[in-house]
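Accompanying notes for the structure given below.
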Amino acid sequence: MSTAEIPRPDDRPRRLRQVPLARPDRRAHPVPRLMSWPALVGAAAAGTLVVGVSYRLSAAGAAPELYYGTFWVGLLLAMLPPCVRIGASSGARAQRVWALALVGVLTFVPKYLRNPVAPSYHDEYAHWHAAVDVLSAQRLFLGNGLIPIVEYFPGTAALTAVVQRLTGLSVWSSGEFVVFVAHMLALFAVFVLGEVHLRSARAGAIAALIYALNPSEMYFDTQYAYEGVAIAFFVWVLALASLAARTRGRRRVALTATALVCSAASVVTHHLTTLFLLIVLATITAVVTVRAWRRAPRSAAGSSGVRGVVIWWTVLTGTVLMAGAWLVLVAWPTVSYLSPYLGGSVNQLAAMTAKNSKTGRLLLAASVEPLWERGMTALAPLVAGLFCLKALVLMRREHRGWSSDTLTLMALGLVYFPSVLFLFAPLGAEGARRSWAFSYVGLALIGAFVLQRYPDRGRPRVPARWRTPVGLVVLTVVLIGGVGGGLNDPYRFPGPFRWGTDTNSASVEARTVGERLVAEAAPVRVVTDQYTALQLIAYANLDVAAPSQGFPAGNLAQTPTDPSPQLAGMLIGSHYNYLVVDTRMAAQPAFNGTNFGSADPLAGRATPMAYLDRLDHVPWASRVMSTQHLRVYRLDLALLGRPLRSGP
């Protein structure tokens with residue numbers, strides 16, 4: 001094994017300067033025609049077309065086995081050739097960079113093709129509407145009816161507005177451009193991290209490729225939402241700080257300043273990303289400081305270890321100050337917004353250990369995923385665990401000094417494994433998925449470390465002719481398993497109308513009703529189900545009630561009795577004067593489990609049609625508008641207690 005691949009401790013600057021990045025082997029065999037750039041681009045184009053065909057099949061209601069199989073045939077056809085170029089034992093750095101760029105495009109394409117012209121995911125409606133409001137009002141910090149906390153983190157909307165003004169694109173296309181750029185920047189930041197910490201361009205490219213396989217990368221972090229934008233700032237803070245800790249002079253100052261700018265961008269864009277950033281920076285800083293203090297008697301005052309401590313403390317302190325100021329002065333509601341998720345998910349996990357507990361859920365229980373994809377979903381964490389064990393064995397064998405920040409970043413990857421447990425807690429599942437974009441940074445470094453060393457460590461256990469096929473099998477398992485462990489079928493594939501999904505419950509009907517209500521009866525405040533609400537808020541800017549245990553507004557349609565005096569008083573006092581009912585909630589239970597959120601008294605069940613028909617006979621509701629599936633009632637809850645009407 002060459003010394004170019006051995007990380008050196010951060011307190012030995014002379015040896016550090018003597019370790020160059022791994023150079024490509026220009027005496028290697030020429031690239032086969034199947035791996036040439038025309039072949040790679042052609043395969044990517046053909047694979048993209050096949051992915052599009054899979055979406056047409058799913059939208060037409062084809063069998064899941066057919067459209068899932070078609071999707072993976074197309075994506076693997078497109079993805080595997082550039083992955084081989086990235087992992088090749090020889091090749092120029094530029095070639096790996098271009099192959100990585102192609103992988104970045106290909107991992108963005110599936111979500112883009114899913115809904116290229118309008119929002120579809122719940123969070124996309126909220127952020128798209130926020131950007132529209134910013135452009136209309138020409139100012140930030142506007143209220144948001146779908147995700148109220150978005151008001152306090154306007155970074156995504158601000159970037160979208162800038163792009164829209166500069167390009168003239170639609171608001172949605174401008175937002176997609178912002179997410180695409182962030183997606184690509186995140187991959188190249190991981191490339192820089194791998195190159196810096198593992199001292200090899202090949203290792204950097206492999207690390208970025210592994211990161212591209214994380215379960216959040218293809219759908220969750222490519223939706224138009226603040227997570228996908230902020231993750232790029234998160235990774236670049238780590239990459240720039242790592243570079244700064246290993247350089248001197250003005251370049252070091254410039255890198256540190258740029259890292260702080262990225263921290264500031266994260267602070268104003270997304271709360272959870274900033275929280276993870278603070279945790280990671282604090283951990284790295286603590287480890288680097290302790291190790292430097294223990295080595296102080298043997299280190300010179302100007303050693304790279306001491307310089308690294310200064311850099312990490314500078315970035316951490318700056319980020320803490322910016323995040324603290326933003327929280328106190330602008331975004332204090334974030335505390336109450338985030339607190340229920342961690343505490344609630346931990347309590348649910350604890351309750352799952354109790355006998356006969358029903359608070360948990362079965363992973364993939366309601367999924368139509370084929371059995372082979374489910375199997376790979378279960379295998380993906382096992383493969384990641386085997387790589388971590390292999391890395392531990394290799395590191396123990398080498399007995400080499402390791403940079404403190406390298407070890408800490410690798411350890412970050414271990415957070416992935418306990419996070420998988422939270423998938424079984426309803427409140428914890430969302431947090432688990434959001435954590436993968438961060439923990440996979442560490443797993444990417446671990447995987448790259450193993451893969452760049454394995455062929456050079458004594459007698460290989462896998463013959464040379466089998467390495468590529470075995471590697472492709474492992475890659476396929478991790479790719480399919482990772483995506484399978486991410487979002488469910490309605491988020492990944494378009495399909496026929498299916499009640500109770502954010503993505504496949506959208507209808508032109510609801511948009512039309514919302515627009516008519518605004519035109520004919522404004523000002524309007526509405527009570528409706530959580531799926532119709534997406535359309536009424538996003539396209540008509542209506543003020544829609546947010547039902548909760550303390551404000552069970554859904555009881556108007558979900559119970560066979562009149563609302564209680566307490567609920568009626570809250571509705572009257574808040575001026576909710578209309579009720580919009582979608583009769584399709586009586587045809588089948590909501591796919592997501594509820595029609596009115598956690599306060600729904602009929603969770604997991606369809607609404608009896610008698611409950612909806614009853615609204616045509618109560619004195620406190622008058623039907624004023626109807627479409628094929630929607631009924632709109634004007635509320636006059638002051639009439640509660642009067643006799644029932646005989647007809648509509």
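When VAL624, VAL41, VAL580 are compared by accessible area at a 1.4 angstrom probe, the order from most to least is VAL41, VAL624, VAL580. Computed from backbone phi with θ = phi - 60° and the Karplus coefficients 6.51, -1.76 and 1.60, the 3J(HN,Hα) list for segment 102-116 is 5, 4, x, 5, 5, 7, 8, 4, x, 5, 4, 5, 4, 7, x Hz; x is used for glycine and proline. Other residues with beta-carbon under 14 Å from the beta-carbon of TYR112 carry, at +1 per Lys or Arg and -1 per Asp or Glu, a net charge of -1. Summarising the label geometry, the points placed 7 Å from Cα in the beta-carbon direction at SER574 and VAL181 lie 3.8 nm from one another.
With a Förster radius of 25 Å, plug the Cβ-Cβ distance of TYR112 and ALA46 into 1/(1 + (r/R0)^6) and report the FRET value to the nearest 0.05. The value I calculate is 0.90.
Mind jotting down the distance between the C-alpha centroids of segment 247-284 and segment 506-545, whole Å? Measuring centre to centre over Cα atoms gives 41 Å. Remark on ARG525: its backbone amide H falls under 5 Å from those of ASN577, TYR578, a criterion applied only to residues 5 or more positions apart or on other chains, H modelled at 1.01 Å from N. Remark: the ALA521-ALA254 segment gains 90.4 nm on full extension, using 0.36 nm per residue and subtracting the alpha carbon distance. Sequence-ordered 3J(HN,Hα) estimates for segment 555-566 from the Karplus curve with 6.51, -1.76 and 1.60 and θ = phi - 60° stand at 4, 4, 10, 9, 9, x, 10, 5, x, 5, x, 5 Hz, glycine and proline given as x. Between HIS617 and THR476, what length in nm is gained on full extension when 0.36 nm per residue of separation is reduced by their alpha carbon distance? Length gained, HIS617 through THR476: 44.9 nm. According to the calculation over all Cα-Cα pairs in segment 217-270, the P(r) per 10 Å bin from zero is 27, 41, 23, 8, 0 %.
Rounded, prolate or oblate: which fits segment 545-648, taking a ≥ b ≥ c as square roots of the Cα gyration tensor eigenvalues, rounded meaning a/c under 1.5, else prolate when a/b beats b/c? Taking the square roots of the gyration eigenvalues as a ≥ b ≥ c, segment 545-648 is oblate.
Checking the a/c ratio against 1.5 first, then a/b against b/c, what shape does the Cα gyration tensor give for segment 185-328? It is oblate, given that a/c is not under 1.5 and a/b is not larger than b/c. The LEU386 and ASP636 beta-carbon pair, evaluated with R₀ = 56 Å, returns a calculated FRET efficiency of approximately 0.30. Taking Cβ atoms as reference points and 12 Å as the exclusive limit, the residues near VAL368 contribute a net charge of -1, counting Lys and Arg as +1 and Asp and Glu as -1. Sites listed here are trypsin sites (Lys or Arg not before Pro) in segment 122-221 whose DSSP assignment is loop and whose Cβ has at most 10 other Cβ atoms within 10 Å: ARG139. Less than 5 angstrom separates the built amide H of MET625 from those of VAL632, all sequence-distant by 5 or more or on a different chain. Projecting label points 7 angstrom from Cα along Cα→Cβ for GLN138 and VAL320 puts them 4.2 nm apart. Full extension of the chain segment joining SER36 with TYR337 gains 103.3 nm, where the gain is 0.36 nm per residue of separation less the Cα-Cα distance. Here the relative contact order of segment 536-599, from alpha carbon pairs under 8 Å that lie six or more residues apart, stands at 38 percent. Scoring 104-112, 316-324 by mean Cβ neighbours within 10 Å over their residues and listing the highest first yields 104-112, 316-324.
The values are calculated or read from the model by the stated rules, or taken from the named source; none is laboratory data. In this text, all values refer to a predicted model and were calculated from it rather than measured experimentally. Neighbour counts are summed over all protein chains in view; Cβ atoms, including those assigned to glycine, are modelled from backbone coordinates with ideal geometry. Only protein heavy atoms, including side chains, enter the accessible area calculation; ligands, DNA and RNA are left aside. Shrake-Rupley method; radii C 1.70, N 1.55, O 1.52, S 1.80 Å.
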